[in-house]
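Undergrad: My structure is below; once you've seen it, I'll send some questions.
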Amino acid sequence: MTIYQPPQVSIAILDYSRPKEAATLLLSLRQYARFNHEVVYVSNGGEQAHVKGWFDGGEIHRWVRCRDNAGCGLGTRFAFQSCMTPWVIYVQADQYLGTTLTDEHIRQMIALLEASPDKFHIDLAGNQGQGRFSERAFFVNRARYLAVPGMDTCIGGPGPYADHKWTE
């Protein structure tokens, strides 16, 4: 009998009509994400028919549908608000996981962020030594991200860039 284990990390994906790139991202997660996770997918306007199959097939666990493009900042906020775990990997749909990411990596990143209150996030694209995603991906505490000033007005962009207005 399999015992249910709640997800350790949420993978929050922001997409605006990138079905081919998003399919590559989801394939890379199946191949290389070796930790207990949930996938939260935000369809940020545009064509969304491709996402239904992924949702019905269980590849994504939570699907947030925006009729219109809410922009990167608000779309990212919707993703973080929909995550069920305290830790989030944020990635946009045109990125992909390029190497294995394990429970041990997750534990190390959590320990690093908990031990360094001045450190906001870990760059998973390589600038801080992780090099797991192709680009623009980071690991962060969900509550800290949602508490960033400016997020309540929805003008903030992803994570450490919340003081700048982001658009797609």
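Undergrad: Of the residues I110, I106, which is free of Cβ contacts under 8 Å to residues at least 24 places away in the same chain, under 27 Å from L27 (Cβ atoms) and open to solvent by less than 50 Å² (accessible area, probe 1.4 Å)?
TA: Among I110, I106, only I110 is free of Cβ contacts under 8 Å to residues at least 24 places away in the same chain, under 27 Å from L27 (Cβ atoms) and open to solvent by less than 50 Å² (accessible area, probe 1.4 Å).
Undergrad: Kindly provide the set of residues from the range 28-49 that are in contact (Cβ under 8 Å) with a residue 12 or more places away in the chain and surrounded by fewer than 16 Cβ atoms within 10 Å (Cβ to Cβ), ordered by number.
TA: Once the filter is applied, which keeps residues that are in contact (Cβ under 8 Å) with a residue 12 or more places away in the chain and surrounded by fewer than 16 Cβ atoms within 10 Å (Cβ to Cβ), the range 28-49 yields R30, Q31, R34, N36, G46, E47.
Undergrad: Give the range 123-144 a look and list any residue that's at pLDDT 85 or above and either closer than 17 Å to Q31 by Cβ or surrounded by 14 or more Cβ atoms within 10 Å (Cβ to Cβ) (or both), or say none.
TA: If the condition is that a residue be at pLDDT 85 or above and either closer than 17 Å to Q31 by Cβ or surrounded by 14 or more Cβ atoms within 10 Å (Cβ to Cβ) (or both), then F138, F139, V140, N141, R142, R144 are the ones that fit.
Undergrad: Being within 19 Å of V140 (Cβ to Cβ), touching an Asp or Glu at 6+ places or on another chain (Cβ under 6 Å) and not in a strand (DSSP E or B), is that true of even one residue in the range 38-51?
TA: No, every residue in the range 38-51 fails to be within 19 Å of V140 (Cβ to Cβ), touching an Asp or Glu at 6+ places or on another chain (Cβ under 6 Å) and not in a strand (DSSP E or B).
Undergrad: Evaluate the following for L74: is it modelled with pLDDT of 80 or more, open to solvent by less than 30 Å² (accessible area, probe 1.4 Å) and assigned to a helix (DSSP H, G or I)?
TA: no
Results for (1) open to solvent by less than 40 Å² (accessible area, probe 1.4 Å); (2) under 27 Å from A143 (Cα atoms); (3) in contact (Cβ under 8 Å) with a residue 60 or more places away in the chain, shown as yes or no for each residue.
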{"residue": "Q5", "(1), (2), (3)": "no, yes, no"}
{"residue": "I11", "(1), (2), (3)": "yes, yes, yes"}
{"residue": "K20", "(1), (2), (3)": "no, no, no"}
{"residue": "T24", "(1), (2), (3)": "no, no, yes"}
{"residue": "R62", "(1), (2), (3)": "no, yes, no"}
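Undergrad: Of the residues that sit in the range 77-103 and are of a type in the set (F, W, Y) and open to solvent by 10 Å² or more (accessible area, probe 1.4 Å), which one is farthest from P6 (Cα to Cα)?
TA: Restricting to residues being of a type in the set (F, W, Y) and open to solvent by 10 Å² or more (accessible area, probe 1.4 Å), the top hit is Y96.
The values are calculated or read from the model by the stated rules, or taken from the named source; none is laboratory data. If you're wondering where the values come from, they're calculated on a predicted model, not measured in any experiment. When we count neighbours, we look across all protein chains shown, and the Cβ atoms used for this are built from the backbone with ideal geometry, even at glycine. Only protein heavy atoms, including side chains, enter the accessible area calculation; ligands, DNA and RNA are left aside. Shrake-Rupley method; radii C 1.70, N 1.55, O 1.52, S 1.80 Å.
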